[in-house]
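Since the structure comes first, as structure tokens, the remarks are kept for the end.
What follows draws every value from the coordinates through simple rules; no lab data is involved. None of the values given here were measured: they were computed from a predicted structure. So basically every Cβ, Gly included, is an ideal-geometry build from the backbone, and we count neighbours across all protein chains shown.
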């Protein structure tokens, strides 16, 4: 029987969409030839929806704790926001905008068939607004066809079919339009495949129809064109893609993605700036938060443009490495993937040759994001550093998934970024895998870790009751001292840690660390603890003004 379009339906939609994209991921990756044949569209869509689903679950958990029930606006808003902050690649960014467009209608609507019709129309229109140079035969065309089909079905739905009938019509309209994409975009016709992003959208709309109708269908999406062009015969997908201007050796070398906090006027200027730097420009979002995606040769210039516009974070830079230009880049023997809480630490890890996964407070990476980072490392052996005790299960799941794909992964039990720094310092790719694991694990284990944090509310701790705004000193995860002065708390924590001995102190300054803090702490260590060296890094993390390591 049909179900209403409400918060529960949105939650079900997220779950069914993840299942559908999980089934289709590899097939969609395999047909990814536009705009760049980098073979990751299915994976990017899955990771985008995983972030959306996680946000919806968090919204439900928050309402449960408060003893209330989420409404449609709460659920669809969370889904759109989760997709925005977790959007990956060109396709994931466009889908995030689609969801945002639907949210603009459904947050004020009642979940009726007509509201869904309007939402799908607004979603399709919003994607054209987000893409700098819209191209037909892509996910944009498929979204428009879905909206057209929803329009035709809305009149009948008003007579009893409801939102489920509109969703099913939109899905069928999208399926039909998807099969026509090879005739609209030359690169698809030569390759004999449908558009990969459109394929993902069909799976997403199918999940919505299933969630509303209660009739779950696992019918796979058709990924091959009904009638491939004759000249496509005998060629590999990547080779055929190179025949089009996209994906050839002359194309941009980097994909740059970041979240940006900025105003509308600054974003308008940013669009013009990035449009002159590269192609495949997509900027989505609003209300001060944006997701920026562009392909460029000068990745630094793209990031600098974001800095001029506002505050970029979660910066991801992927080198195409000649994708068709070398669709399967050379594998390295061993790599390190490290989760880091700030841009400074991300830069430090990158300089050391590691692949950083930067995160923000309250937005921990999903296992799929760690798996993607392991894949991008292009190594037969990977050392995974979670650098957070709360991520041990997520990291373990990612490691297990990567092992099923043939990668040998060692999970180094780092519970803090300072333990990760210590482990990375002794990493030696030239020795055996097992010896490297032992050395890195030993270095992490020999590093005691501490952090300073600011209490958000009154709470009981092992050191007594703290009030909102108090400075907390934590050692190995436990609160050991409470006060009001950050420098005094830091020196007290250092003295406690060094009372048990130590030869090296590592200080990682957060974004909110006061000026002169590092110098004062270095002087204190020199005066009170002879023969102890101090090294300082600008970590840029927001969760803690100071991280401390003692080896």
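Counting other C-beta atoms within 10 Å, which of 171, 427 has the fewest, and how do the rest follow?
Fewest-to-most Cβ neighbours within 10 Å comes out as 427, 171.
Explain nothing, just the number: relative contact order of segment 1-143, from Cα pairs under 8 Å at least 6 residues apart, as a whole percent.
Once normalised by length, the contact order is 21 percent.
How are the alpha carbon pair distances in segment 448-550 distributed across 10 Å bins from zero to the largest one, expressed in percent?
16, 52, 28, 4
Using just the helices of the chain, give the 222 nm mean residue ellipticity in deg cm²/dmol: DSSP H runs with n ≥ 4 each add -39,500 (n - 2.57), and the total is spread over all residues, rounded to 500.
-16000 deg cm²/dmol
Please report Rg over Rh for segment 7-229, where both radii come from the alpha carbon positions and Rh follows the Kirkwood definition. Before the final figure, lay out each step's value.
Working: Rg = 16.4 Å, Rh = 17.0 Å.
For segment 7-229, the value is 0.96.
If you take the alpha carbon radius of gyration of the chain and divide it by 2.2 N^0.38 Å, what ratio comes out, to two decimals? Walk me through the intermediate numbers first.
Numbers: Rg = 25.2 Å, N = 551, 2.2 N^0.38 = 24.2 Å.
For the chain, the normalised Cα radius of gyration comes out at 1.04.
Hey, what's the per residue convex hull volume over the C-alpha atoms of segment 124-186, in cubic angstrom?
66
One quarter of the convex hull surface, Cα atoms only: what value does that give for segment 249-329 in nm²?
Reported value for the Cα convex hull: 4.9 nm².
Sorting 522, 551, 304 on the 10 Å Cβ count, fewest up front, what's the list?
Lowest count first: 304, 522, 551.
With an 8 Å cut-off on Cα pairs and a minimum separation of 6 or more residues, tell me the relative contact order of the chain in percent.
Relative contact order for the chain comes out at 10 percent.
Using only Cα atoms, find the angle between the long axis of helix 113-130 and the longest principal axis of the chain, and express it within 0 to 90 degrees, rounded to the nearest 10.
The angle comes out at about 70 degrees.
Among 128, 3, 537, rank each residue by its count of other Cβ atoms within 10 Å, from fewest to most, as a rough exposure measure.
Going from sparsest to densest Cβ surroundings: 128, 3, 537.
Please find the FRET efficiency linking residue 446 to residue 275, where r is the Cβ-Cβ separation and R0 is fixed at 35 Å, and quote it to the nearest 0.05.
Values: r = 51 Å, r/R0 = 1.45.
The pair residue 446/residue 275 has a calculated efficiency of 0.10.
Would you work out the relative contact order for segment 331-446, in percent, from Cα pairs under 8 angstrom that are 6 or more residues apart? Let's see the in-between values first.
Values: 203 pairs, mean separation 28.7, N = 116.
Relative contact order of segment 331-446: 25 percent.
If one takes the longest principal axis of the Cα atoms in the chain, at what angle in degrees, from 0 to 90 and to the nearest 10, does the Cα axis of helix 433-445 lie?
60
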